[in-house]
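Reading through the structure tokens given below for one structure.
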Amino acid sequence: MQENTGAGYPGDAGVTDDFDLAGVPDAFQRLWTPHRMAYIKGGQHQFKNENDCPFCIGPGRTDEEALIVHRGKTCYVVLNLFPYNPGHLLVCPYRHIPDYTDLTLDETAEFADLTQTAMRVLRKVANPGGFNLGMNQGVVGGAGIAAHLHQHIVPRWGGDGNFFPIIAQTKAITQTLDEVRQQVADAWPGETDAE
């Protein structure tokens with residue numbers, strides 16, 4: 001075992017125990033993210049039908065509680081509770097359907113329109129350099145909640161794909177979800193706003 005000389009990070013000597021565990025520097029830093037445990041422990045089987053589906057329950061709550069940024073006629077836009085990047089949005093139909101081909105023509109049109117509007121709003125409030133848009137269809141396709149269709153809109157900036165999320169499977173988020181939701185909701189065009 002290496003002797004702790006206190007030459008690591010400032011303050012290490014004060015928090016290192018007799019086993020030299022807590023303050024011994026290594027190649028990793030730690031970021032505590034206990035909020036993700038509910039998602040990790042739950043898995044696919046936690047969402048069986050409309051009664052326990054977060055995308056079905058959300059519209060029955062206030063926008064602030066559900067992180068909804070816009071409500072349309074057939075679809076709505078919600079901030080992702082487990083974002084890949086700040087401003088990560090989801091477009092969801094109100095109907096509990098699993099597959100893109102299950103959308104009606106009206107739902108498809110609004111789904112696409114909300115996606116375009118979300119990109120415009122995110123450009124206005126956050127100035128991303130690009131976006132990842134995507135739908136994971138089915139459990140095998142990688143959908144976190146396969147029973148309810150949703151499309152991801154992930155704003156991207158140069159350098160946001162650094163080692164931290166890849167190696168440590170952790171993402172540093174710079175604003176609270178409430179702050180991001182309010183910022184996006186406030187910038188969302190109203191019925192009378194022209195694009």
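Considering only Gly138, His96, Val125, the residue lying farthest towards the positive end of the dipole of the range 90-140 is Val125, judged by Cα position with unit charges set on Cβ. Database remark: amide H of His70 closer than 5 angstrom to the amide H of Val77 (H placed geometrically; neighbours at sequence offset of 5 or more, or on other chains; Pro and chain starts carry no H). Where does the Debye-calculated log10 I(q)/I(0) of the range 66-134 sit at q = 0.11, 0.15, 0.29 Å⁻¹, using only Cα point scatterers of equal weight, no solvent? For the range 66-134 at q = 0.11, 0.15, 0.29 Å⁻¹, log10 I(q)/I(0) is -0.26, -0.48, -1.44. Here the range 86-130 is assigned +1 on the Cβ of each Lys and Arg and -1 on the Cβ of each Asp and Glu. Its dipole about the Cα centre then comes out at about 400 debye. Relative to the current alpha-carbon distance between Gln116 and Arg95, full extension at 0.36 nm per residue lengthens the span by 5.5 nm.
Compared with the alpha-carbon gap, the fully stretched path from Asp102 to Met135 is longer by 10.5 nm at 0.36 nm per residue. Zone of Lys73 (label point 7 Å along Cα→Cβ, backbone N under 16 Å): which residues in the range 84-114? Residues 93-95, 104-114 qualify, since their backbone N sits under 16 Å from the label point.
No lab work stands behind these numbers, since they all come straight from the coordinates. Bear in mind that the values here come from a model prediction, so they are computed numbers and not experimental data. Positions of Cβ are backbone-derived with ideal geometry, glycine not excepted, and every protein chain shown enters the neighbour counts.
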